[in-house]
Every structure is written in C-alpha cells, then in structure tokens.
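Below: the structure, in structure tokens.
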Amino acid sequence: MAKYNHKKVESKWHKKWLAEKVYEPDLKNAKNPFYNLMMFPYPSAEGLHVGNMYAFVGSDIHGRFKRMQGFNVFEPIGLDGFGIHSENYALKIGEHPMDQARVSEKNFYRQLQMIGNGFAWNEKLETYDPEYYKWTQWIFIQLYKKGLAYRKKSAVNWCPSCLTVLADEQVISGECERCGTKVIKKELEQWFFRITKYADKLLKGLDKIDWSEKVKIAQKNWIGKSEGASIKFRLTDVTGQKDGKHFVEVFTTRPDTIFGVTFIAISPEKAKFWLDIGWQVSEEVKEYITKALSDRVTRDQNQDKDKSGIFSGISAINPANNEKVPVWISDYVLAGYGTGAVMGVPAHDERDLEFANKFKLAISGAPLVSIEEGIKKSVGKKTTQFRLRDWLVSRQRYWGAPIPMIHCEKCGWQPVPEKDLPVRLPYIKNFRPTGTSESPLAADEKFFKVKCPKCEGVARRETDVSDTFLDSAWYYLRYASVKDKKYAWDQAVTKKWFPVDMYIGGAEHSVLHLLYVRFLAMVFKDLRLTNFDEPFKKFRAHGLLIKDGAKMSKSKGNVINPDEYIKNYGADVLRMYLMFLGPFDQGGDFRDGGIKGITRFLDRVWNLSQTLNLKSQNDNPKLQIVLNKTIKKVTEDLENLSYNTSVSALMVLLNEFEANMESVGKNELEVLAKLMAPFAPHMSEEIFREILKNKKSIHITPWPKFDSKLVKDKEVDIVVQVNAKMRAVIKMPVDSLQKDVEEAAKNNENISKYLTSPVKKVIFVKDKFINFIV
RNA sequence: GCUCGGGUGGUGGAAUGGUAUACACACAGGACUUAAAAUCCUGCGCCGCAAGGCUUGCGAGUUCGAGUCUCGCCCCGAGCACCA
C-alpha cells in the first residue's frame with residue numbers, strides 16, 4: 001500500500017494546477033462569473049500569520065465549492081504592501097522599505113502558494129507597484145476635481161510614535177491603530193476626503209447588502225445619525241455692545257425639553273473663535289479658554305471625563321419662554337459635532353446633570369412638550385447631524401503613494417496632469433519619519449521642486465503620501481483589470497464581474513477599510529466610472545483564532561508559524577484542522593493536540609482509497625441514505641460557511657464507509673473525494689486523478705447531487721413520552737400515522753406501565769415524537 | 001455607560017421548540033508488539049450496586065415539551081465612548 005507523501009503530492013498538484021490554469025477564469029468571456037474575494041494581507045512581519053491563513057482558507061473553501069457548482073470563480077490575491085505597517089517593520093529590522101518589499105513579497109507569495117488556495121495568480125497585484133499606485137493617484141485627482149478632496153486646518157489626531165496624523169477611524173480607544181501609542185491632537189492643515197457627503201447614503205445602503213450583522217451595526221453606530229433641531233439663542237452680549245444682535249446656535253435631539261433649559265454650554269474652540277472676533281471677557285475666562293484648548297491637545301482622550309467649565313459672564317435668551325440663562329464655556333462640549341454648543345437640560349441629560357451638579361446650576365421642573373411644539377415654540381429648524389467626520393488621508397511618512405498635487409504660490413493647488421502619472425516615490429536614503437509634521441520627502445529637493453502645471457512658474461510638490469487605506473479602498477476593482485495600461489479598470493470586464501459576490505475578512509475593519517471601500521464605490525458610481533454603488537453583495541466576517549485559550553502575540557511567544565505545520569502535516573491537514581476548530585464566524589482555539597484528529601481522518605481516507613475494491617457496487621440501502629444525507633448536509637453547510645459541521649459530517653461518512661467496506665466502491669470514493677475537495681484539495685485531487693483515473697481536475701468537475709428521495713431514512717426512531725417525560729424510543733416506518741404509532745407505543749411495556757390512568761390528550765409529531773398526557 | 005456576540009462534559013464544540021452532549025481531542029481498559037510509538041476494539045456528563053434521578057451561568061415565565069422563545073439578574077469577550 002502506497003504511503004501518502006504530502007510534500008510530493010502537494011507540490012505536484014501546485015505545478016499541474018498552474019500549468020492547466022485550473023483557477024484562471026476567462027475574465028472577458030466567462031459565462032457564469034463569481035467573484036470570490038478575501039481581504040489581502042499586509043506583507044510586513046516575519047511572514048504570513050496563521051490568522052491570515054485561517055481567513056484565506058475559509059474564503060478559498062467557499063470559492064472551490066462555487067467553482068465545482070459550475071461558476072467561473074475569480075479568486076485573486078495581492079499584497080497591501082504600502083503603508084505604516086510595512087514601513088514600521090522595515091524600520092525595525094533596519095532595511096529600506098523598498099528593498100524589504102521585494103523580500104516580503106517573495107516570502108508571502110511562497111506561503112500563499114503552499115496553502116493550496118485556488119488563486120488566480122496571473123492577476124496578482126501589489127499596492128506599491130507604480131503601475132498600481134498610478135491609479136491610486138488618479139483616483140485622488142478625480143476626487144479633487146469633484147471637490148471631494150480638500151485641505152483644511154483643524155485639530156487632528158497625531159501619533160507621537162508613528163510621527164504622522166491619523167484618521168478618526170484609525171484611532172482605537174484613543175490609541176494608534178498601528179502601534180498602540182496614545183494619540184494626541186495637533187492643529188494642522190491636512191488633506192481630507194469628503195466622506196460626510198455620503199453619510200446618509202452609506203447608512204441607507206446597509207439595508208440592501210447581505211453583510212455580517214455586527215459589521216452593519218458597527219457602521220451604523222459610527223455614522224451616527226441623529227435627528228433633532230437647531231435652535232438659536234439670542235445673546236445679551238458678545239462684542240461689548242449690549243446689542244442683542246448675536247446668537248448662539250445649539251443642536252439638540254430633544255427639542256421637547258426646551259422649557260427645561262437652565263444654561264448654555266459652548267466649546268472652548270467656539271469661545272476662542274468669538275474672542276478672535278472681538279469678544280470681551282475677563283482675564284479669568286481667557287485663561288480658562290487657553291487651558292482648555294491646550295488640554296484638548298495633550299489630554300489622554302480615554303480618561304479624565306471630569307467636566308470643567310467657567311461662566312462666560314454673558315447670558316442667552318431662551319426663545320421659547322424668553323428666560324435668561326447663563327452661557328458657560330466647557331470642555332465637555334465637542335467642537336466638531338453639531339454647532340459646538342449645547343443647551344443644558346439637567347433634568348433630561350446625564351451629562352448636563354453632572355455639569356449642573358458640579359457648578360450648582362439649578363434644575364428646572366418645567367414640563368415636557370411635544371417635539372413638534374418644542375421646535376415651533378423655539379423657532380427651531382429640524383436638522384440631522386452625523387457623527388461621521390471627513391476622512392483624513394494625508395500621512396507624513398515615506399512609504400506610501402505620493403499625493404499627486406502641486407502647490408503654486410500664484411495658482412494655488414493644482415493636480416498633477418494625468419499624463420504625468422505616476423508620481424513615483426523616489427528611493428531616498430533617509431526615509432525615517434521626521435516628526436516635524438512633514439514627510440521625509442520634504443527633504444528631497446529633486447522630488448518637490450517642480451513647475452506649476454498651470455503657469456509653469458516655480459511650485460512645490462505635495463510631499464505627504466496618502467493613507468494606506470486609500471490603496472486598499474479600490475484594489476478589488478484593479479484585480480480584474482490588472483494588465484490594463486490605459487484605464488484603472490476595464491468597463492466591460494467590470495460590468496461582468498462586479499459587485500463582488502462574496503467578500504471575507506476580519507470584523508476589525510468594520511469602520512475602517514469596509515467603510516472607505518463603500519464610500520469610494522459610491523463616488524465611482526457618481527463619477528460614472530462604474531455602475532454599482534455597493535462594492536460587495538455579501539460580506540462575512542470570520543472569527544478570531546486564539547492559541548490554547550489566549551490571544552496570539554509575539555510577546556507571549558505563542559504565534560503559530562504556518563510553515564512548520566505545512567511541513568510536518570501538510571497543507572490539507574492544516575486547512576481542515578483550521579476549519580474544524582469551531583464555527584468560522586466565531587473563530588477557534590488552535591491546540592496542537594487537536595491536529596491529530598484530522599491527521600487520522602485523512603490517513604484513514606487515504607487507506608480507504610488504497611484498500612477498497614473499486615468494482616464494489618453499493619447495494620446497501622442504509623449506506624445510500626447516509627451518503628445522500630452527507631451530500632445534502634455538506635452542500636448546505638458550505639453555502640453557509642458552517643465548515644466545522646461539514647468536516648464532522650465527512651467524518652461520520654467515513655465511519656460508515658469503514659463499517660460497510662464491502663459496499664464502498666468507485667462511486668462512493670468519488671463522492672467522498674469531491675465533498676472534501678474544498679477542504680483538502682491535494683489529497684482529493686490525488687484520489688480523483690491517480691486512483692480513480694480521471695483526466696480533468698476534481699476542482700472543475702461538478703459537485704455531487706443528492707437524491708431527495710434518499711435523504712430520508714426508511715425507518716425512524718420515535719420518542720415516546722408520558723406526561724412529557726421520555727419513557728421509550730420505538731422504531732417505526734417513516735411517515736407512520738398517529739394511530740399506528742399510538743398503538744405501537746401502547747404495546748410497548750415501558751410505556752404501558754405508565755399508562756395507568758386514562759389518556760387525556762395525545763400530542764403527535766410525525767416521524768419524531770408522541771406524548772401521552774394522563 | 002451604550003451596542004453587539006457568548007456562557008453546554010476534563011477540552012474544542014453539535015443540536016429547524018421534540019432522544020442534550022453529534023464529531024473530535026484528552027483519559028481509562030483491552031488487542032497487536034520483546035518494548036514503545038502508530039494502529040485497531042471498548043468505555044467515557046453527574047449521583048446511584050441497580051431501578052431510577054439530576055444536568056446546558058442564576059432566577060422566574062410561556063408551552064404537552066425550553067440549551068433554543070419572553071422577562072429579570074450574574075459572568076466573559078469584542079466594538080464605541082462626553083456625538084447633546
């Protein structure tokens with residue numbers, strides 16, 4: 001009996017699959033396209049993380065299943081290699097990011113090859129390839145032309161370790177998404193994308209896409225739509241003249257509480273703005289404003305929720321009842337949300353209550369009115385506010401796509417002419433972040449010294465690079481047109497393949513990548529560059545993989561290196577084990593001991609293929625039923641990504657085969673091989689082609705069909721209860737009538753002894769269950 | 001604080017309101033072996049000699065019947081966090 005040599009078998013099929021183009025769909029002419037996409041990796045660290053492997057295998061299994069169901073599956077792969085993540089790693093090991101990219105690329109592609117996924121290798125892409133980022137820059141220009149990319153000075157997130165600004169989405173609980181350092185605020189002029197323009201659309205679109213519910217909820221909360229009213233309060237004094245001509249406008253979701261207003265609170269930023277236009281206040285108030293503003297910059301945003309504040313010295317008039325209320329300046333009022341001012345209603349808002357208690361402001365007992373009346377009485381205006389802020393896209397780092405803009409003293413900001421793209425990232429020796437709020441590219445005169453595209457005068461090229469999340473916000477479009485020199489994506493191909501049919505990735509990208517991608521897709525549609533506004537029809541988040549009950553981390557030294565496991569056990573074992581750990585959407589606990597179960601299973605499958613008599617005919621009706629049931633179960637489970645239960649169904653099938661070896665023949669082996677092909681593509685192929693002597697790859701042969709007449713047993717176990725307590729299990733022919741089951745049950749001695757008093761009621765469920773109430 | 005997931009044997013985990021603990025790991029006993037590993041067979045929720053009883057974080061409820069539905073708690077994980 002030939003022993004199974006996973007190394008030989010796996011590398012043999014890798015070569016053949018490539019040569020036979022098993023996983024290369026005809027992108028132009030495919031009849032039945034299915035775009036199966038997985039989030040591409042950051043190729044930065046020591047190699048591919050087993051967590052990536054887990055996600056990729058889970059995605060690949062779905063793709064292989066769809067391919068066998070007759071779809072032309074497109075399953076591309078690439079590297080999200082630009083960005084802080086890769087650059088930080090290069091810095092850490094003392095290599096130049098541009099050199100390191102080539103090393104990481106080779107290693108990653110080797111590992112991705114080893115795992116045996118059905119990737120369309122001809123379409124691979126890397127975001128740091130000038131042929132790719134040329135189009136990233138082109139996209140930036142399209143947004144700029146439509147007024148969706150703009151510069152603005154504001155208090156932005158700054159990571160003191162990565163030495164760059166960050167988008168709001170990249171600050172996780174007050175810390176830098178990449179390095180975990182506490183983020184501070186800095187007042188800087190930066191490039192933004194106007195994602196807020198699409199806030200409502202981003203929210204509404206969620207209703208029509210089939211995505212993991214938790215991701216939709218996270219996006220909904222992040223967008224944070226609030227409906228309410230803006231109400232103007234007349235001020236008694238702002239500029240020193242007691243003219244009453246000035247107003248403060250507040251936003252509230254509770255106009256019904258208008259009569260309970262006991263104070264107005266404005267943000268320090270708004271107060272500063274008033275100062276700048278001539279507001280006269282005491283020195284004490286000025287000091288408070290200065291301090292509050294500087295605290296905003298340095299304060300740890302995660303702690304210290306203690307509210308501070310000061311009475312400004314002026315009052316405002318409640319338009320609903322003409323009552324005078326004091327105007328306070330407080331740090332609990334955010335500058336970037338609503339109008340930067342709130343009406344204080346301590347009776348109905350916890351924060352207002354806390355503030356009122358601290359500063360002894362009186363709580364009003366005024367009654368509520370209806371929302372409509374509140375708005376009417378206060379002459380307010382119905383408005384909607386979003387929590388979402390514009391996407392800050394510029395970064396003061398080296399390893400990214402240069403922002404394709406040029407600044408001319410005379411003509412202002414000018415986009416780089418499209419014919420001049422790409423703006424190549426130069427190879428500069430000193431690529432370290434500077435910390436001066438400027439990119440290291442600002443030290444490269446050859447790079448930034450350019451002519452103005454408009455007046456040809458002396459101008460300066462933008463030296464910031466764009467956020468990595470811009471690279472990854474459109475990569476799925478490029479995959480299908482990766483060879484196109486003329487356009488970012490080919491119209492005909494795009495029409496055929498998009499939107500993506502199935503996207504699989506991590507839920508940690510809920511309000512990062514997954515939000516940005518949707519935004520840009522909507523922009524592309526509006527620019528008539530595509531014909532769809534939601535990029536992914538279906539998205540499923542996979543769970544987190546842990547090791548022996550703990551999170552994997554380098555510091556704990558419990559990070560799994562997939563290479564070792566592939567070497568020792570083979571890719572098929574690793575794939576199948578990863579899927580068997582637990583529900584794919586919930587993750588699982590990787591324990592070395594558990595691998596044995598899968599190793600044994602695949603060994604037994606191999607032994608079966610070596611020892612059975614291929615000429616055997618299956619004349620065993622029970623085995624036929626098990627076989628058909630398994631086909632049904634695995635088919636349904638693969639559709640739902642319930643991988644752990646399909647593996648267990650395959651195990652049950654193997655157990656049955658082994659117990660009925662005389663009935664297991666060519667057909668049975670072929671069905672087993674096909675059902676396990678998505679999980680263990682190498683061994684399945686070996687069995688299908690070398691033992692069963694098929695010419696074509698198993699991965700492009702039709703998925704087994706089940707006979708719906710054969711998924712039901714001929715005889716079923718019926719649970720018999722007396723007063724809802726189980727007393728017996730009886731075997732009955734399938735579809736037995738109530739009267740027959742009743743009779744059989746009553747004749748059962750376990751039952752008859754409980755039926756001493758007359759039966760009051762019988763509850764019967766066909767083929768399952770009968771309950772006598774006495 | 002708010003919003004999502006979860007809580008089932010020694011462990012990972014199965015269960016359209018209808019036999020809770022499938023499948024696997026670990027463990028124990030046996031076979032094979034000079035021996036070990038591998039492999040194969042048997043057992044394996046708890047109490048009990050048994051008959052039987054108990055068991056899905058805790059407490060109520062709906063139902064003939066609840067791991068599953070409803071309400072109130074407790075614990076764990078993830079996300080958001082002064083968004084007015």
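Overview of values
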| item | result |
| --- | --- |
| Pairs with Cβ under 7 Å, 6+ apart, first in the range A:154-172 and at positive phi, second of a type in the set (A, V, I, L, M) and open to solvent by less than 10 Å² (accessible area, probe 1.4 Å) | none |
| Selection from the range A:731-761 of residues that are near RNA strand B (Cβ under 10 Å from one of its atoms) and closer than 30 Å to A:LYS709 by Cβ | A:LYS731 |
| Members of the range A:724-756 that are without any contact (Cβ under 8 Å) to a residue 24 or more places away in the chain, acidic (Asp, Glu) and within 14 Å of A:LYS766 (Cα to Cα) | A:ASP740 |
| Candidate set from the range A:592-608 (those that are exposed (fewer than 14 other Cβ atoms within 10 Å of the Cβ) and basic (Lys, Arg)); member that is modelled with the lowest pLDDT | A:LYS596 |
| The one condition in (1) touching a strand residue (DSSP E or B) at 6+ places or on another chain (Cβ under 9 Å); (2) open to solvent by less than 70 Å² (accessible area, probe 1.4 Å); (3) more than 10 Å from RNA strand B (Cβ to nearest atom) that A:GLU177 fails to fulfil | (3) |
| Close pairs (8 angstrom Cβ cut-off, 6 or more residues apart or separate chains): at negative phi and touching a residue at least 12 places away in the same chain (Cβ under 8 Å) in the range A:200-224, among the acidic types (Asp, Glu) and within 15 Å of RNA strand B (Cβ to nearest atom) anywhere | A:SER212/A:ASP585; A:TRP222/A:GLU169 |
| Residue match in the range A:565-582 (condition: in contact (Cβ under 8 Å) with a residue 40 or more places away in the chain, hydrophobic (A, V, I, L, M, F, W, C) and over 25 Å from A:GLY47 (Cβ atoms)) | no |
| The range A:626-656, residues that are at negative phi, under 31 Å from the mean Cα position of the chain (by Cα) and not hydroxyl-bearing (Ser, Thr, Tyr) | A:LYS632, A:LYS633, A:VAL634, A:GLU636, A:ASP637, A:LEU638, A:GLU639, A:ASN640, A:ASN644, A:VAL647, A:ALA649, A:LEU650 |
| Residue check for A:LYS124: over 23 Å from the mean Cα position of the chain (by Cα) and open to solvent by 40 Å² or more (accessible area, probe 1.4 Å) | no |
| Where A:ALA401 falls short, out of the listed (1) closer than 30 Å to A:ASN321 by Cα; (2) among the small types (Gly, Ala, Ser); (3) more than 16 Å from RNA strand B (Cβ to nearest atom) | (1) |
| Number of positions in the range A:609-624 that are closer than 22 Å to A:LEU710 by Cβ and either modelled with pLDDT of 95 or more or small (Gly, Ala, Ser) (or both) | 1 |
| Residue within the range A:493-513 that is more than 17 Å from the chain's Cα centre (by Cα) and among the charged types (D, E, K, R) present | yes |
| A:ALA347, sole failed condition from (1) within 13 Å of RNA strand B (Cβ to nearest atom); (2) crowded, with 16+ Cβ neighbours inside 10 Å; (3) on the phi < 0 side of the Ramachandran plot; (4) modelled with pLDDT of 90 or more | (4) |
| Test: residue in the range A:188-211 that is closer than 30 Å to A:THR463 by Cα, away from RNA strand B (no atom under 16 Å from the Cβ), touching a Phe, Trp or Tyr at 6+ places or on another chain (Cβ under 8 Å) and among the aliphatic types (A, V, I, L, M) | yes |
| Candidates A:MET651, A:MET661, filtered to the one that is modelled with pLDDT of 95 or more, surrounded by fewer than 20 Cβ atoms within 10 Å (Cβ to Cβ) and within 22 Å of A:TYR4 (Cβ to Cβ) | A:MET651 |
| Failed condition for A:PRO417, given (1) surrounded by 18 or more Cβ atoms within 10 Å (Cβ to Cβ); (2) farther than 22 Å from A:SER226 by Cα; (3) modelled with pLDDT of 95 or more | (1) |
| Unique residue being crowded, with 20+ Cβ neighbours inside 10 Å, among the β-branched types (Val, Ile, Thr) and near RNA strand B (Cβ under 10 Å from one of its atoms) when the list is A:THR262, A:THR253, A:THR339 | A:THR339 |
| Conditions (1) within 16 Å of RNA strand B (Cβ to nearest atom); (2) over 15 Å from the mean Cα position of the chain (by Cα); (3) among the aromatic types (Phe, Trp, Tyr); number of the one not met by A:TYR487 | (1) |
| Test: A:ALA120 is under 23 Å from A:GLY505 (Cα atoms) and either of a type in the set (Gly, Ala, Ser) or within 16 Å of RNA strand B (Cβ to nearest atom) (or both) | yes |
| Helices (runs of 4 or more DSSP H) contained in the range A:670-774 and holding at least 3 residues crowded, with 16+ Cβ neighbours inside 10 Å and over 48 Å from the mean Cα position of the chain (by Cα) | A:738-747 |
| All positions within the range A:644-682 that are of a type in the set (Asp, Glu) and more than 15 Å from RNA strand B (Cβ to nearest atom) | A:GLU662, A:GLU668, A:GLU670 |
| Scope the range A:281-298; condition surrounded by 15 or more Cβ atoms within 10 Å (Cβ to Cβ) and part of a loop (DSSP other than H, G, I, E, B); matching residues | A:VAL281 |
| Any hit, the range A:490-506, residues being over 30 Å from A:VAL171 (Cβ atoms), buried (at least 16 other Cβ atoms within 10 Å of the Cβ), of a type outside the set (D, E, K, R) and free of Cβ contacts under 8 Å to residues at least 60 places away in the same chain | yes |
| Hits in the range A:657-677 - residues which are without any contact (Cβ under 8 Å) to a residue 40 or more places away in the chain and over 19 Å from A:THR635 (Cα atoms) | A:ALA659 |
| Flag if A:VAL325 is within 11 Å of RNA strand B (Cβ to nearest atom), in contact with a Ser or Thr (Cβ under 9 Å, 6 or more places away or on another chain) and not in a loop (DSSP other than H, G, I, E, B) | no |
| Residue list for the range A:189-240, restricted to those being open to solvent by less than 20 Å² (accessible area, probe 1.4 Å), part of a helix (DSSP H, G or I) and not polar (S, T, N, Q) | A:ILE195, A:TYR198, A:ALA199, A:LEU202, A:GLY205, A:LEU206, A:VAL215, A:ILE223 |
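The values are calculated or read from the model by the stated rules, or taken from the named source; none is laboratory data. The model shown is predicted, which means the values in this text are computed figures rather than measured ones. A quick note on method: Cβ atoms are made from the backbone with ideal geometry, for glycine too, and the neighbour counts reach across all protein chains shown. For the accessible areas, the whole protein counts, side chains as well, though only heavy atoms, and no ligand, DNA or RNA atoms are used. Shrake-Rupley method; radii C 1.70, N 1.55, O 1.52, S 1.80 Å.
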